[in-house]
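Accompanying notes for the structure given below.
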Amino acid sequence: MKDNSKAGIRRQLESDYRAKQRAELRAMKAAISKLKRARGSKLGEARAVCSATVKAVRDASRERFALVVAKARALRDEERERARSSCRAGVVALDADEKRALDDAIRILANERHHQASLARWERSAKAREKPKRTGRETKSESDGAVIANLPAELHAVFRKVRKVIKASPRRSRTEAFLEWLEENPGEADAIRFELAEKELSAELRAESKRERARLSPPLRHLHRNDEEAPF
């Protein structure tokens, strides 16, 4: 039964007011919960977009870096190959020039020494014929040093090469025997002189070439630097 008294009406109003407040509170809590869920969803979406953007930027940066490194390595390899080709071409040209110069020098030297040896043979033969004859004891005791002392410097190496076959006799000394051997074997004597001259000149040219290469060769240390790695 409805209470229409003032007290009853007041209680009814208070009850309706509290019910309305509870309903508003529940609605407010639901709205807050909905906002929280929406905020979490948006934050998740934002984080996913940010992560994807960062990954895309990182991947693009790595690709650009790899491309730059590949180009730098290709350029380095190309420069190295050009330097090697230039060095090889220079060495081949230098070797060809040296060989031509060596051959020319050997021919000139051989011709000059042949001419000088011919003059020396004639002079030594003339002097030997003018010397008084030695006794058999003196000719037999003539040593290698004594023979070399009687010869010009350009014949020393030839005598050392054939000294074992140069023998004295009662009528001639070892010096005279050697001069006769030179007259009888001009081709062999010239071949010995040519061989010795070639060895001597080759050694001198190799030493000079080595000094010249050391002076002219460019430093290539910058071609051997280590590659830098990507920072990722």
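Every number in this text was worked out from the coordinates using simple rules, so none of it is lab data. Please read all numbers here as calculations on a predicted model, not as lab measurements. Virtual Cβ from ideal backbone geometry, glycine too; neighbours counted across all protein chains shown.
Just a few scattered comments:
- Across the stretch 71-79, rounded Karplus estimates of 3J(HN,Hα) from the backbone phi angles (6.51 cos²θ - 1.76 cosθ + 1.60, θ = phi - 60°) give 5, 5, 5, 4, 5, 4, 4, 5, 5 Hz, Gly and Pro being marked x.
- Subtracting the Cα-Cα distance of N4 and E188 from their residue separation scaled by 0.36 nm leaves 50.3 nm.
- Radius of gyration (Cα atoms) of the stretch 144-202, expressed as a multiple of 2.2 N^0.38 Å: 1.13.
- Note, ³J(HN,Hα) from phi for the stretch 157-166, Karplus 6.51, -1.76, 1.60, rounded to Hz, x at Gly and Pro: 5, 5, 5, 4, 5, 10, 4, 6, 9, 8
- 3J(HN,Hα) along the stretch 177-188: 5, 5, 5, 5, 4, 4, 5, 7, 10, x, x, 5 Hz, from the Karplus curve 6.51 cos²θ - 1.76 cosθ + 1.60 with θ = phi - 60°, whole Hz, x for Gly and Pro.
- Under the simplified labelling scheme, the R11-V69 pair shows an inter-label distance of 8.6 nm, with each label point 7 Å from Cα along Cα→Cβ.
- The stretch 3-19 versus the stretch 49-113: alpha-carbon centroid distance in Å: 103 Å
- R0 of 25 Å, Cβ-Cβ distance D144-A101: FRET efficiency to nearest 0.05: 0.10
- Inter-label distance, E204 to A31: 11.2 nm, where each label sits 7 Å from its Cα along the C-beta direction.
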